[in-house]
Amino acid sequence: MTDERLDELYRLLESKPIEANGNKPLGPKSVRHVHNIISAALDSVTGPRKLLAVNPAHTANPPTERQIKAAQPDFPTLNDQETAHFLSQVWEPCGNRACDGVSHHCLRDAPLWTSYAATSCRRSETLGWMWDLIHWDDCATASSSGRGARRAGRKTRRRSLPAGARPVHG
């Protein structure tokens, strides 16, 4: 076993479709996990009076952290145009007889999705907003500079929603 053979294995895993992986090759992070397992196994048989003098995995070239971070994410993300389309659909009333276009359950989550998209806040942060800092009529939120800043008289800053994220009431 040599570091060159390990490098060949890693490149093969990154390029050859694997049935257990939906006929897709392994990603850099998975190949790095394989390297870590091989390296640990070879460490146990490396040293004086053992099977190997040196661990060939230590000089092999598995995917680096930079390559792992640069890899495409496995989940789809929306671009600005797709996000604007999604938000316009979220704000669209369902049209049922009981739907008044304002307070029906079909519009229940529209403000929450809009705030996620416009601010990149996590769910817990969005749900913890103080209602007096949300200005739906102006399509803006005010953010304070710290907990209790509004009550302490500090200035707040308004952030406008992107044009595509603004709810359309009609």
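All of the numbers you see were taken from the coordinates with simple rules; none came from a lab. A quick note: this is a predicted structure, and the numbers were derived from the prediction, not measured. With ideal geometry, Cβ positions are generated from the backbone for all residues, glycine too; neighbour counts draw on all protein chains shown.
Couple of notes before you dig in:
- Summed residue charge, Cβ within 12 Å of Pro25's Cβ, Lys/Arg positive, Asp/Glu negative: +1
- Where labels lie 7 Å past Cα in the beta-carbon direction, separation of Leu127 and Ala98 in nm: 2.4 nm
- Put a dot 7 Å past the Cα of Cys106, heading toward its Cβ, do the same for Leu78, and the two dots end up 1.8 nm apart.
- Sites listed here are trypsin sites (Lys or Arg not before Pro) in region 4-77 whose DSSP assignment is loop and whose Cβ has at most 15 other Cβ atoms within 10 Å: Arg49, Lys50.
- Extension gain, Ile18 back to Asp138 (0.36 nm per residue minus Cα-Cα distance, nm): 38.0 nm
- Evaluated over region 41-90, the Cα radius of gyration and Dmax, each in Å: 23.1, 70
- When the Cα convex hull of region 19-60 is projected onto planes of every orientation, the mean area is 3.5 nm².
- With 0.36 nm allotted per residue and the present C-alpha distance subtracted, the Ser88-Ala40 stretch has 12.1 nm of extension available.
- Distance distribution P(r), region 1-129, all Cα-Cα pairs, bin width 5 angstrom from 0: 2, 9, 12, 12, 10, 8, 8, 8, 8, 7, 6, 4, 3, 2, 1, 0, 0 percent.
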